[in-house]
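Working notes, beginning with the structure itself.
The values are calculated or read from the model by the stated rules, or taken from the named source; none is laboratory data. Everything numeric in this text was worked out from a predicted model, so none of it was measured. Cβ coordinates were reconstructed from backbone atoms using ideal geometry, including for glycine residues, and neighbour counts include every protein chain displayed.
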Amino acid sequence: MSLPPFTVIGGYLGAGKTTLVNHLLTAAHGLRIAVLVNDFGEVNVDAALIASHDGDTMSLANGCMCCSLTNGFAQAINAVLERKTQMDAIVIEASGVAEPGRIAQYGQMYDLPLDGVITVVDAERIRDQVENKYVGEVVKHQLLQADIILLNKSDCVAAETLGDVRGWLASAAPRIPVLETARSNAPLDILIGRGGSQQATPDVPLRFTTTTNHEFLHQTWVIRRNTPIKRAAISRLAKQMGSRIFRAKGFINLAEDPERRYLLQQVGQRWVIEEAGLWVSGAARTEIVCIGPRNG
Amino acid sequence: MVNELTRRQAVILTATAAASSALNIRRSSADGAKVAETIFHNGTILTMVDATPRVAAIAVANGRIIALGDETSVMALKGDATTIVDLQGATLLPSFIDAHGHFMNAPQILGWVNVQGVPAGPVRTIPDVIAALEAYKAKNNPKPGDWIIGYGYDMTNFAEGRNMTRGDLDPSFPDNPVMLIHSSNHGCVLNSAGFKAVGMDASTKTPPGGLILREPDSNEPAGLIMETAFLPIFAKMPQPSEDEMLARLDAAQQIYAMKGVTTCQEGATHAGDLDFLRKGAEQGLFYLDIISLPLFVEVPKMVTEYFPSFNAAGGAVPPEAASAFGTYKNRLKLGGIKFACDGSPQGKTAFWSKPLLTPGPSGEANWRGQPLFPPELINKAVAEAVSKNIPVFAHCNGDAAIDMMIDALRQAGVKAEQDRRSVIVHSQFMRPDQLDSYVELGITPSFFTAHAFFWGDIHLENLGQERAFFLSPMKSAQGKGIRFSNHNDFSVTPLEPMRMTQTAMDRLSRKGVVIGPDERVDVWTALKALTIDAAFQIREEKDKGTLETGKLADLVILEADPTTTDVEKISTIEVVETFKEGKSVYKRKAA
């Protein structure tokens, strides 16, 4: 049985993690997303959407679910994995002082493929938070452990301040792609990579659903090659894309093994290339879909 | 000579008894309480009152102390039905108050086998572990397939100096899965039946952040698994049913009563635990007092459960809930709200302002730990508790965590003159300047001096002499006029009031280092931290903690007087009998 990919949402108290969780649970994305949260009380789901609620687990009519971490990560994850319907993705909302990189290891206890670490940042308060004598170090680690940083509440600060914070982030968290958001309104395709390696079968469509979107400051583009590419060249490409993309995904026509398809999945600066079955005859070509900042 | 004295005493006693019973007839019509049900005499009686530390006799009726003083005046209260307890030279004092511990661990570990090292358990060698497990098996007759679970496994206790393997366990336990939980609670040793039961074998990959020791020359798991390899398995272990847990409440209370403790603390109560404790109370299963401290993160859940119409968002507490704190109902009392700012110093998860001298738990350099919660969250919840007059109890081990709680209390407007008695539990690695803040805010620490014995050597290595020697700084606190209690944090360390007394006095580590010679206190102070000062901390000093007329007859008889016993022997003093409100709740079996 394949296991759903695992996404960690980190960031300090008040950055907008719970708002993000509410989006994930209720947006019309058609995915069954399980979200593990620390504080059930803060999750704000319309009562009409709730199919059942048994104290520590809330099931929604749209197939999503939300589990409380009150009794520990293991209990919550068991509640998700033991369900009859397989979930498409598992998202954990880390506590405000947790290091998301450590939380990411939790998923590996259960062999869940790590889909990404998203750190949400409060554009107004981040500079103060990193100076705080109690939590400053943790907040810095939260930035450095991110695959993608959501610079949230960007609508709450003046353009000049936003520019300053962006400039500061570029040195405080170098090479980590930053997406500006207001009310945590990040597109799902950036948040969740849709399917770990185990789900990569020829039937799964590979397209990101969003294209260039003027409301958001991101765009998608496709890299195509008809000739086989060497593994080293792919690694170079992925490394170069690094801070310029949020995610990239696509099949590779690998020069070293032209009979088989290879799947590249990249989030920020982290990528994996895995074997994904044989090419359908004549279809072998590299096609990588990228999603990144508009000026990326 | 002896005979003569005894005869003379007997004559006096008889005469007094006759006189008093004549008086009693008159008194009992006017004041029924003035006939003693029980009189204790002929031993050392420590009142824990500074001005009158010792008396000759004490009289008890209707669960309270009705008189104490010299033999004659107390014996004057003897009636026809009075039981006279001859202490035979033993020592009577107020029974002990568990100033901080986890009562819910008691029914849990009762289903497990203690495989801790000496003195917390019976283990010095690997065969000692097997023997303890075999004794459990002989007594409980588990069916094939039933788990046998031991707790407190630690290879550093073994003379053999190696980890146990499945091969050590398999010959004695071929049909029962065995799990020996590591003393850190972060790992275990399994036997072959255990590995089969959890579905772990040679094909199991070691997860990142985990450890599966393998057999030499093969990929078969050898026995020990740790961290991420262990946690998923432990979470799926079968749990005892609520009825099983309720049936264990008597034995759970005996863990306390046999050590002379009659007020027990459940010091980090989850919502489910509170439901369980309330059920136990409603069924009348408690004969000791239980103080529950609901965890602040669980408070919204509890409020929603008990006050469904109240909006518990943001941790708000309705006035009716606030009034539920502070009074016993069927021996269960909500004592306050429990906060937690950090982890444990021995696990290096406490939160210090300066780095340790050794690497962090995952090898981090310049490690000073981390807070458990954002200060904003703590500040808000503390302010809510303070505004509703609910006592605050806060777990803080490192000085940065202590700073966080001092900040929170100060921001909530707490001042010493308000007499709130906010408790900083452990206050383990304070800075000297923080004691002044304790005075300013009326904070009372509950110290944990047994750390000097159990982990003193490790603290010295991690923190250096200056910081390690200031652990649980009783003498400095006393110098500032701060009242404090002492605790074992049961079941982190075993419940041992006499070891607490000794460690407060000698602060000796296992290796024999005095962990802070300047912070040693005298025996009277050490005992007050388990009695009257612990009672003060939980606002029960009018009823508990000293032997005074009108107070509850919560008493303990010790086989020897700790105030005259050599310090190094105090921890071995045994309890002869324990009384809760005049009723015997534990009596040592005659040797």
ask   = Is one or more of the residues making up the range B:108-116 among the β-branched types (Val, Ile, Thr), modelled with pLDDT of 95 or more and within 30 Å of B:PRO171 (Cβ to Cβ)?
value = yes
task = Would you check which residues across the range B:137-153 are over 14 Å from B:PRO177 (Cα atoms) and in contact with a Gly (Cβ under 8 Å, 6 or more places away or on another chain) and list them?
result = B:GLY152
message = Filter the range A:81-96 down to the residues that are within 13 Å of chain B (Cβ to nearest Cβ) and under 19 Å from the mean Cα position of the chain (by Cα) and list them by number.
response = A:ALA94, A:SER95, A:GLY96
query = Identify, please: which residue in the range B:378-407 is within 23 Å of B:ALA324 (Cβ to Cβ) and within 13 Å of another protein chain (Cβ to nearest Cβ) and is, among those, surrounded by the fewest Cβ atoms within 10 Å (Cβ to Cβ)?
reply = B:LYS380
Filter result for the condition that a residue is in a helix (DSSP H, G or I) and more than 16 Å from the chain's Cα centre (by Cα), over A:ILE77, A:ILE103 = A:ILE77
note = Within the range B:234-255, of all residues that are in contact (Cβ under 8 Å) with a residue 24 or more places away in the chain and part of a loop (DSSP other than H, G, I, E, B), the one farthest from the other protein chains (Cβ to nearest Cβ) is B:ARG248
key: Evaluation of B:ASP419 against (1) surrounded by fewer than 18 Cβ atoms within 10 Å (Cβ to Cβ); (2) under 11 Å from B:PHE339 (Cβ atoms) (one fails), failing number   = (2)
inquiry  = Quick check on the range B:256-270. Is at least one of its residues under 24 Å from the mean Cα position of the chain (by Cα) and in a helix (DSSP H, G or I)?
reply    = yes
All positions within the range A:36-59 that are within 21 Å of the chain's Cα centre (by Cα), hydrophobic (A, V, I, L, M, F, W, C) and not in a strand (DSSP E or B) = A:VAL43
request  = For the range A:108-121, indicate whether the set of residues that are facing another protein chain (nearest Cβ under 8 Å), of a type outside the set (Lys, Arg), in contact with a Lys or Arg (Cβ under 8 Å, 6 or more places away or on another chain) and buried (at least 17 other Cβ atoms within 10 Å of the Cβ) is non-empty.
outcome  = no
task = Search the range B:284-332 for residues being of a type in the set (S, T, N, Q) and in contact with a strand residue (DSSP E or B) (Cβ under 8 Å, 6 or more places away or on another chain), and hand back the single one that is farthest from the other protein chains (Cβ to nearest Cβ).
result = B:THR327
query = Can you spot a residue in the range B:287-307 that is under 20 Å from A:PHE73 (Cα atoms) and small (Gly, Ala, Ser)?
reply = no
Test: A:GLY30 is on the phi > 0 side of the Ramachandran plot, of a type outside the set (Val, Ile, Thr), surrounded by fewer than 17 Cβ atoms within 10 Å (Cβ to Cβ) and within 19 Å of the chain's Cα centre (by Cα) = yes
message = Condition first: within 19 Å of B:ASP154 (Cβ to Cβ) and either in a strand (DSSP E or B) or away from chain A (no Cβ under 14 Å) (or both). Now tell me which residues in the range B:214-233 satisfy that.
response = B:ALA222, B:GLY223, B:LEU224, B:ILE225, B:MET226, B:GLU227
